[in-house]
1. Starting from the stretch 191-220, keep only residues that are in contact (Cβ under 8 Å) with a residue 60 or more places away in the chain, then list their pairs with residues that are crowded, with 18+ Cβ neighbours inside 10 Å and among the basic types (Lys, Arg) whose Cβ atoms are within a distance under 6 Å, requiring at least 6 positions of separation or different chains.
2. Out of the residues in the stretch 118-141 meeting the condition of being hydrophobic (A, V, I, L, M, F, W, C) and out of contact with any helix residue (DSSP H, G or I) (no Cβ under 8 Å at 6 or more places or on another chain), tell me which one is nearest to ALA67 (Cα to Cα).
3. Given the criteria at pLDDT 85 or above, acidic (Asp, Glu) and either touching a Gly at 6+ places or on another chain (Cβ under 8 Å) or over 28 Å from ASP140 (Cβ atoms) (or both), does ASP177 qualify?
4. Which members of the stretch 66-91 meet the condition of being in contact (Cβ under 8 Å) with a residue 60 or more places away in the chain and buried (at least 23 other Cβ atoms within 10 Å of the Cβ)?
5. Working only within the stretch 207-240, note down all residues that are more than 23 Å from the chain's Cα centre (by Cα) and among the hydroxyl-bearing types (Ser, Thr, Tyr).
6. Can you tell which of TRP155, TRP122 is touching a residue at least 60 places away in the same chain (Cβ under 8 Å), surrounded by 22 or more Cβ atoms within 10 Å (Cβ to Cβ) and touching a Lys or Arg at 6+ places or on another chain (Cβ under 7 Å)?
7. From the list LEU189, LEU200, which one is modelled with pLDDT of 90 or more and over 23 Å from the mean Cα position of the chain (by Cα)?
8. Return yes or no: is GLY220 among the small types (Gly, Ala, Ser) and crowded, with 19+ Cβ neighbours inside 10 Å?
Amino acid sequence: MPTASRPAAGDTASGGSASGDSPLTLATLRWPDVEAAPRRLLVVPMGSLEQHGPHLPLDTDTRIAVAVAVRACAGRVGVGVAPPIAIGASGEHADFPGTLSIGTAALTLVLVELGRHASLHWPAMLLVNGHGGNVPAINDALELLRAEGRSCQAWHAGVRSAPPADPDADVAPFALDAHAGRVETSIMLALAPDDVRLDLAVRGDTRPLAAIMSELRAHGTRHVSPNGVLGDPAGASAAEGERLLAQLTADLDETLTALLTTPEGGRFLLLSGALQAWGGPVWG
């Protein structure tokens with residue numbers, strides 16, 4: 001692939017806004033806009049519609065994936081951002097009303113067909129995944145698409161380490177958690193504070209995922225944590241969420257740069273350096 005580049009402020013070559021900071025967002029454009037713009041990499045955010053405890057919205061994973069993708073792709077010439085795949089494989093949360101899942105087999109087929117069509121107009125596709133349950137489908141789809149000669153990659157959102165603490169904040173020490181705990185609650189406080197019900201935020205099962213994985217796989221999340229939380233939201237803050245978002249965005253930014261500057265970058269599955277707890281991201 002050619003060398004990556006970012007337009008200066010005011011440059012509209014990316015097909016984004018006049019500020020030059022917005023990515024090429026397919027949902028808001030007309031087809032002539034896309035045809036006239038450079039096309040080097042299509043980014044597809046992926047999330048889920050599943051329970052996130054009593055206090056977070058069902059589309060938490062999708063919102064995080066979209067936010068990180070848009071931030072990391074801003075100003076990159078030839079990089080387009082597709083609308084998200086907002087319902088994924090969430091069988092582990094099926095016992096909670098509101099959760100919707102299409103399962104691994106159906107999601108795999110969706111991704112394969114999407115990749116095939118995207119390759120008609122884009123030389124490469126990157127899936128930006130925000131939900132651990134999507135990982136098996138992503139791996140299966142990429143294996144087939146690559147066997148067909150298509151350039152497809154995936155990046156899985158995951159927090160590798162605690163962000164620097166705010167010395168002026170009187171909060172408990174940061175602890176990484178798996179689902180609807182402090183990590184996701186902080187991020188959602190940064191992204192959509194009006195949609196977070198902190199008055200309903202309660203501690204769930206705080207054991208390490210390794211200790212409960214067999215139960216989760218056999219019986220689902222509700223068997224392990226009746227309130228759906230795997231972690232503890234206590235101490236979450238918008239400021240902490242912004243630091244976490246910055247970490248995730250920087251991680252994805254590195255992946256995008258590698259893909260757009262390294263000729264062989266399109267041949268490999270690129271994962272973030274995140275803790276791989278549930279076969280994928282830190283949270284599921």
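1. That search, which allows pairs on different chains as well, returns LEU191/ARG63.
2. Residues of the stretch 118-141 that are hydrophobic (A, V, I, L, M, F, W, C), as a first pass: 118, 120, 122, 124-128, 135, 137-138, 141.
From what's left, out of contact with any helix residue (DSSP H, G or I) (no Cβ under 8 Å at 6 or more places or on another chain): 118, 120, 122, 135.
Numbers: ALA118: 22, LEU120: 26, TRP122: 22, VAL135: 19 Å.
If we take residues in the stretch 118-141 being hydrophobic (A, V, I, L, M, F, W, C) and out of contact with any helix residue (DSSP H, G or I) (no Cβ under 8 Å at 6 or more places or on another chain), then VAL135 is nearest to ALA67 (Cα to Cα).
3. Considered against the rule, which asks whether it is at pLDDT 85 or above, acidic (Asp, Glu) and either touching a Gly at 6+ places or on another chain (Cβ under 8 Å) or over 28 Å from ASP140 (Cβ atoms) (or both), ASP177 comes out as yes.
4. Residues satisfying the conditions are VAL68, ALA69, ALA72, CYS73, ARG76, VAL79, GLY80.
5. Scanning the stretch 207-240 gives SER214, SER225.
6. Working: TRP155 fails: touching a Lys or Arg at 6+ places or on another chain (Cβ under 7 Å).
None of the others qualify; the one that does is TRP122.
7. Numbers: LEU189 fails: over 23 Å from the mean Cα position of the chain (by Cα).
Of the residues listed, the single one that is modelled with pLDDT of 90 or more and over 23 Å from the mean Cα position of the chain (by Cα) is LEU200.
8. Values: among the small types (Gly, Ala, Ser): yes; crowded, with 19+ Cβ neighbours inside 10 Å: no.
No, not satisfied.
The values are calculated or read from the model by the stated rules, or taken from the named source; none is laboratory data. Predicted model only: the values in this text are computed from it and were never measured. A quick note on method: Cβ atoms are made from the backbone with ideal geometry, for glycine too, and the neighbour counts reach across all protein chains shown.
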